[in-house]
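Below is one structure; the comments refer to it alone.
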Amino acid sequence: MRRVLIPEGNKAIIEIIDKPKLGYGEILLKVAYCGICGSDLHAFKGKHPFVPLPATPGHEFSGKISLIGEGVSEFEIGDRVTVEPSLVCNKCYNCKSGRYNICSELRVMGCQGDGAMADFIVIPANKAISLPDNLSLKHATLVEPLAVGVHAVTRGGNLLNKNIVVIGAGMIGLAVLICVVKAGAKRIIVTDLSDDRLEMAKNLGATSTINVSKINPVEKILSEQPHEGIDVVFECVGIEKSIRDAMDLLRKGGRVVVVGVFGNEVKINMANVQDREQEIIGSLMYTRSDFIKAIQMITNASFPLEMFITKTFPLEKVEEAFRAALDTKTNLKVTFEINKEN
Ligand SMILES: [Zn+2]
Ligand SMILES: [Zn+2]
């Protein structure tokens, strides 16, 4: 079978390997679609802080169950599923308290574990989730990034009637936006470098947008009267400028939720954290309840899901697909169609 391999930075190839063997409690999934995530791109560039190369990428995927291992009773062959890609120990402090997304032994399919840009992948059956009939396998690849948004927004606290800034309108920023809208925020400002993405943000419910290549977002937001203060900023980019902007925007006692993946160490003004009682908290992945919520949101979406998937490639065009995904001016979500849904 075919599987994508990133052997070294800036290179992606297809390796031909044997179909993986099934163990107890596992299922073999015939992958239908797999999206390219920002973190796959970090890995492709050899810049992901937690993904050593060589790596087999891919964790936003869907497919049909092809084989069922011993001890699995909840699925049948042919079932359509998506997969929560976290692999956890179920024994550590965080696993026991329900926060298995930060398991001390956390591994992620397509990061430290086998990736899903492949014809088949073996997964623990308890990580598969059946899809509603009216959700296509292609659109089901959007569940994973939306679940990141669902979780990030729970980390933001109660957002009802709050003033929010979302920095970055990539797939994750837009996923956060969708959830912030749902949470009943009052004012939602989205910033990005791309007018096209900001247009999408408007269509998804942003109350205003700022193109940071033209306007200084901190000056602009702080000068708007009456300025009520920004309660929560979601940082969805992962660079020094955006975390510094986030902290400058916050009212006293406000919170920054760090969702972006930082490839480099950054400098921030810690004095403000103390003096203004600012909170900086991280958000990683999701747990099952976030994932289920994301499936429901995608299935009942009031916006066209097709707008997120800007390009689809067959697996053989792996290098081309990664280059397309790197072109964030043109593309939002690039997806592999690996085995067509029939
Ligand atoms: Zn992802
Ligand atoms: Zn654990």
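Expressed in whole Å with the largest first, what are the equivalent ellipsoid semi-axes of region 147-282 derived from the C-alpha gyration tensor as the square root of 5 times each eigenvalue? Don't jump to the answer; show the numbers that get you there.
Details: eigenvalues 75, 52, 50 Å².
Computed over region 147-282, the values are 19, 16, 16 Å.
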**Study point:** Cα-based Lys pair tally, region 147-282, threshold under 19 Å, eight or more apart or on separate chains
**Key:** 15
Exercise for review: May I ask for the distance between the Cα centers of region 265-281 and region 323-342, given as a whole number of Å?
Suggested key: 37 Å
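Could you sort 235-247, 186-198, 291-303, 161-173 so that the peptide with the highest average Cβ count within 10 Å comes first and the rest follow in order?
Details: 235-247: 22.0, 186-198: 20.2, 291-303: 17.5, 161-173: 24.8.
By packing density, highest mean first, the sequence is 161-173, 235-247, 186-198, 291-303.
Lysine pairs, Cα distance under 19 Å, 8 or more residues apart or cross-chain: how many in region 2-103?
Close lysine pairs under the 19 Å cut-off: 7.
Among DSSP beta bridges whose residues both lie in the chain, state the antiparallel percentage, nearest 5. Working shown, then result.
On the way: 31 of 59 bridges.
The antiparallel proportion sits near 55 percent.
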Check your understanding: Share of Cα-Cα pairs in region 79-237 beyond 19 Å, in percent?
Key -> 62 percent
Exercise for review: Order these peptides, 175-185, 267-277, by their mean beta-carbon neighbour count within 10 angstrom, highest first.
Suggested key: 175-185, 267-277
Exercise for review: State log₁₀ I(q)/I(0) for the chain at q = 0.08, 0.10, 0.12 Å⁻¹ as given by the Debye formula over alpha-carbon point scatterers of equal weight, solvent excluded.
Suggested key: -0.37, -0.58, -0.84
Exercise for review: Could you sort 139-150, 44-55 so that the peptide with the highest average Cβ count within 10 Å comes first and the rest follow in order?
Suggested key: 139-150, 44-55
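Which FRET efficiency value, to the nearest 0.05, do you get for Ser97 and Ile17 by plugging their Cβ-Cβ distance into 1/(1 + (r/R0)^6) with R0 = 25 Å? Mind dumping the intermediate values first?
Values: r = 37 Å, r/R0 = 1.50.
Given R0 = 25 Å and the Cβ-Cβ separation, E is 0.10.
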Revision key, fill the gap. For the Lys45, Lys317 Cβ pair and Förster radius 30 Å, calculated FRET efficiency rounded to 0.05 is 0.95
Review point. How many angstrom lie between the C-alpha centres of region 172-203 and region 1-51?
Key: 30 Å
Practice item. Please build a GNM for the chain, connecting alpha carbons under 10 Å apart, and tell me which residue among Val233, Val218, Val81 fluctuates the most. Key: Val218
Check your understanding: Tell me, what are the semi-axes, in whole angstrom and largest first, of the equivalent ellipsoid of region 1-153 as set by the roots of 5 times the Cα gyration tensor eigenvalues?
Key -> 22, 20, 16
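No value in this document is a laboratory result; all are computed from the given coordinates. Remember, predicted model here, so these are calculated numbers, not experimental data. FYI the Cβ positions are ideal-geometry reconstructions off the backbone, even for glycines, and counts take in every protein chain you see.
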